[in-house]
């Protein structure tokens, strides 16, 4: 439906690639929106001390990466290239004590801030979009 709307909006034929329609329209992919939301939650669990953060840390400590959700978070952070955050998830060190034990320096902590991570998601999303443009894709 969205692709059809984009083709209508830009008056494109059906032979134009979906990635070109998305890029021309400036639409983000579902992957980008999902990663932004989940990484924002992980940063919230890591940095805040509210009820949501405490429950998130408790779930990670109790269930660990056996949970599909936390496994997916670990894979997403690896794909983003944020190794520090990925290690914190895989090693279940999502607290201030865990960060201190890992010996994370200030530069690495800056890279884990929400704004920086969102910028990184956009960069990776753009690289994925460029890969989609290079593929042999059938539109229908």
Problem - Qualifying residue in segment 59-73 (condition: within 17 Å of residue 120 (Cβ to Cβ) and buried (at least 16 other Cβ atoms within 10 Å of the Cβ)) - result: yes
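Looking at segment 3-26, can you tell me whether even one residue there is within 24 Å of residue 111 (Cβ to Cβ) and either outside any helix (DSSP H, G or I) or at pLDDT 80 or above (or both)? Even if it seems obvious, please write down each step before you answer.
First pass over segment 3-26, keeping only residues within 24 Å of residue 111 (Cβ to Cβ): none.
No, the conditions are met nowhere in segment 3-26.
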Reported set for segment 32-68 where residues are more than 16 Å from residue 114 (Cβ to Cβ) and in contact (Cβ under 8 Å) with a residue 24 or more places away in the chain is 57, 60, 61, 64, 65
In segment 90-116, anything under 21 Å from the mean Cα position of the chain (by Cα) and assigned to a helix (DSSP H, G or I) is listed as 90, 99, 107, 108, 109, 110, 111, 114, 115, 116
Considering residues that are loosely packed, with under 13 Cβ neighbours inside 10 Å and part of a helix (DSSP H, G or I), the number found within segment 34-52 is 3
Note: among 89, 99, 55, just one is surrounded by fewer than 17 Cβ atoms within 10 Å (Cβ to Cβ) and farther than 19 Å from residue 31 by Cα, namely 55
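The values are calculated or read from the model by the stated rules, or taken from the named source; none is laboratory data. Quantities reported herein were computed from a predicted structural model and do not represent experimental measurements. Backbone-built Cβ (ideal geometry, glycine too); neighbour counts: all protein chains shown.
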